Every structure is written in C-alpha cells, then in structure tokens.
Amino acid sequence: MPSNFYILHFAVLHFDFHQILLWLFVTATAVQLLFWLGIFSKLAFYRDIESSDKEQAPVSVIICARNEAENLLKNLPHFLSQNYRSFEIIVVNDHSTDKTCDVVLNFQLKFPNLRLIKNQSSLPGKSRL
C-alpha cells in the first residue's frame with residue numbers, strides 16, 4: 001500500500017506543477033499584453049496639439065506651361081483641391097500656341113488662388129536652349 005501512496009502523491013504533485021506553470025504562463029502573457037497595449041494605444045491615439053494649432057506658412061506652386069492645355073486640364077484640379085490652408089498656384093504661360101491660357105482662365109473663375117502670368121519676353125523659353 002505505501003507504493004500506491006507514493007504514486008498517487010507524485011501524480012498530485014505533478015498535476016499541481018503543471019497547473020502552476022500554466023497560471024504563470026497566462027499571468028506573464030497578460031502582463032505583456034497589457035504593457036504593449038498601454039504603449040501602442042498611446043501611439044495610436046497620439047495627437048500633436050501644438051502643430052495643429054500653428055498657422056501654416058503660405059506656399060506658392062509655380063507651374064511653367066508651354067502648350068500644356070491637356071496636361072493642365074488633367075492635373076490642375078489635383079493641385080487646386082489641396083487641404084492646405086494658404087497656398088497659391090501660379091501658371092507661367094511661355095508663349096503657348098494652344099488653349100493653355102483659356103484653360104487657366106476657366107479654372108481661375110472657380111479658384112481665386114490660381115494666377116496666370118504671361119511671359120513677356122520676345123523668345124519662348126524652349127527655343128532659347
């Protein structure tokens with residue numbers, strides 16, 4: 001009978017050891033998860049209050065255009081629909097022979113931050129090269 005007692009006692013100790021290891025593993029995993037969630041939740045919901053309240057510096061975008069009516073029709077809406085508060089777009093017409101001026105003037109009716117400058121020099125820019 002004593003040999004059965006030792007086997008039964010060993011089985012109870014063995015079961016308790018595995019149960020203790022399981023609870024240690026679960027506790028360590030829970031602590032690590034809470035730690036990482038605490039760190040990354042701060043990053044996920046981070047908001048820089050100072051930069052959002054600062055006034056944005058004005059920006060000018062200069063586009064040189066010579067016979068670029070099709071490209072301006074396609075790309076000017078993307079430039080003009082920016083979320084930046086203070087910006088202007090300046091299109092410099094370099095002696096275009098197509099409808100570049102008309103395209104820019106039509107966009108100017110809708111967007112007051114678009115300007116057209118006509119090159120007044122005697123030679124077009126590309127022919128000077």
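Just give me the residues in the range 101-129 being at pLDDT below 90, closer than 30 Å to Ala57 by Cα and not in a loop (DSSP other than H, G, I, E, B), in sequence order. Within the range 101-129, just Lys118 meets the criteria. Beta carbons closer than 7 Å, at least 6 apart along the sequence or on distinct chains, pair a first residue in the range 90-116 that is farther than 16 Å from His78 by Cβ with a second that is surrounded by fewer than 15 Cβ atoms within 10 Å (Cβ to Cβ) and of a type in the set (Lys, Arg) for Asn93/Lys118.
Anything in the range 51-86 that is outside any loop (DSSP other than H, G, I, E, B) and exposed (fewer than 12 other Cβ atoms within 10 Å of the Cβ)? List them, or say none. Within the range 51-86, Ser51, Ser52, Asp53, Ser60, Ile62, Lys74, His78 qualify. The conditions are (1) surrounded by fewer than 17 Cβ atoms within 10 Å (Cβ to Cβ); (2) modelled with pLDDT of 90 or more; (3) closer than 22 Å to Glu55 by Cβ, and Ile89 fails exactly one of them. Which is it? Here Ile89 clears every test but (1).
The values are calculated or read from the model by the stated rules, or taken from the named source; none is laboratory data. Here the structure is a predicted model, which means the values were calculated and not measured. Every residue, glycine as well, gets a Cβ built from its backbone with ideal geometry; the counts of neighbours run over all protein chains shown.
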